[in-house]
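Step one of this worksheet: look at the structure below.
The values are calculated or read from the model by the stated rules, or taken from the named source; none is laboratory data. What you see is a predicted model; the values in this text were computed from it and never measured. Counting neighbours? That spans all protein chains shown, and the Cβs are built from the backbone with ideal geometry, glycine included. For accessibility, only protein heavy atoms count, side chains too; no ligands or nucleic acids. Shrake-Rupley method; radii C 1.70, N 1.55, O 1.52, S 1.80 Å.
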Amino acid sequence: GLAAAGDVAVLDGASGSQAHESVVRAMTDQLIYGSANLGGLHAASLRAEAAVVDARAAAADFFHCAPDEIVFGANATTLVVHVARAVSAAWRRGDNVVVSPLDHDANVAPWVAAAARAGAEVRVLPLDRADPGALDLDALDALVDGRTKLVAVGVAS
């Protein structure tokens with residue numbers, strides 16, 4: 001079952017969540033029998049490639065997209081840093097990005113750094129005064145304009 005701390009299941013975030021026994025078993029099995037570079041002709045490489053293909057297919061099914069639209073990386077922070085560098089290459093002075101104070105820093109810092117490199121403005125979506133745990137979505141109209149290149153707001157953090 002789910003590893004738990006006392007009577008409480010620990011389900012914090014992607015980097016700190018407890019793993020179900022089935023996940024631990026699958027990971028252990030893959031590490032023992034399928035740790036290899038992709039593209040080889042030996043059993044471990046073929047198994048590693050099959051695991052990636054299967055994982056992409058499962059993720060594509062979940063996200064309703066094609067498997068070749070799925071990208072895996074070391075972690076979300078690293079992936080967002082790479083995407084921010086690529087996306088911001090065309091940004092210029094006078095452009096802007098909108099970020100959220102509720103988001104994990106992995107979805108804020110890369111965009112702030114990218115804007116700084118481009119000379120773009122960073123706009124922060126304010127918190128809702130009535131509910132400080134929520135964003136003031138009505139403020140988007142004043143923040144987003146024709147020079148807005150990105151609104152980086154996560155659904156959950």
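Working from Cα pairs under 8 Å separated by at least six residues, relative contact order for segment 69-157 is 34 percent.
Shown here: Rg and Dmax of the Cα atoms in Å, derived from the displayed model; of the candidates (1) 16.1, 56; (2) 16.2, 53; (3) 20.2, 60, it corresponds to (3). Excluding ligands, DNA and RNA, the accessible surface per residue across the chain is 67 Å² with a 1.4 Å probe.
Dividing the mean sequence gap of close Cα pairs (under 8 Å, 6+ apart) by how many residues the chain holds gives a relative contact order of 16 percent.
In a DSSP loop and with at most 11 other Cβ atoms within 10 Å, the trypsin sites (Lys or Arg not before Pro) in segment 25-96 are R92, R93. Rounded to the nearest 5, the antiparallel percentage of DSSP beta bridges internal to the chain is 35%. Think of each Lys and Arg Cβ as +1 and each Asp and Glu Cβ as -1; about the Cα centre, that makes the dipole of segment 36-153 roughly 580 debye.
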